[in-house]
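One structure is given below, encoded as structure tokens.
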Amino acid sequence: MGACPWTAAPGGLVVVVRLTPKGGRDALEGIAPLADGRAVLKARVRAAASDGAANAALTRLLADAAGVPAGRVTIVGGASSRLKRVRIAGEPRSIAAALERSAGHAAAHDGSAA
């Protein structure tokens, strides 16, 4: 697959996410490269990007995908940007495996290659 959008951090994983607010549904849509070669996890949420609603929806979506409580998911960078850095507290390998399954499952359903 090439580059990976997450890296292990002490006590968890940091994920680079490209968020699409007002996307019609809450879903992970696979992994995509940026122009600079970095990878991002593509996500969309129904919520609008106002009053933190889209960020809250993203933290719930990532918590569900990673199999952790929502309180373990924190936006650590890019809170007002489409590109965000999100920290998920927990065991990095199990979180990465869960995200890989969710991202791969999403890509398989929309017909794109992850």
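None of the figures in this text is laboratory data; all of them are computed from the coordinates on show. Source: prediction; values computed, not measured. Every residue, glycine as well, gets a Cβ built from its backbone with ideal geometry; the counts of neighbours run over all protein chains shown.
Things to note:
- Put a dot 7 Å past the Cα of Ala8, heading toward its Cβ, do the same for Ala48, and the two dots end up 4.3 nm apart.
- Estimated Rh, segment 42-108: Kirkwood, alpha-carbon pairs, angstrom: 12.3
- Each DSSP beta bridge with both residues in segment 1-102 is either parallel or antiparallel, and the antiparallel ones are about 85%.
- The chain: equivalent-ellipsoid semi-axes (sqrt of 5 x gyration tensor eigenvalues, Cα, Å): 18, 17, 14
- Loop-located trypsin sites (Lys or Arg not before Pro) in segment 1-89 (DSSP state not H, G, I, E or B) with no more than 13 neighbouring Cβ atoms inside 10 Å: Lys22, Arg25, Arg38, Arg82.
- Alpha-carbon centroid distance for the pair segment 56-100 / segment 6-42, whole angstrom: 9
- Rounded FRET efficiency, nearest 0.05, which uses the C-beta distance separating Ala63 from Ala35 and R0 of 35 Å: 0.75
- Residue list for segment 1-34, given a label point 7 angstrom along the Cα-to-Cβ vector of Ser81 and an amide N cut-off under 13 Å: 16-19
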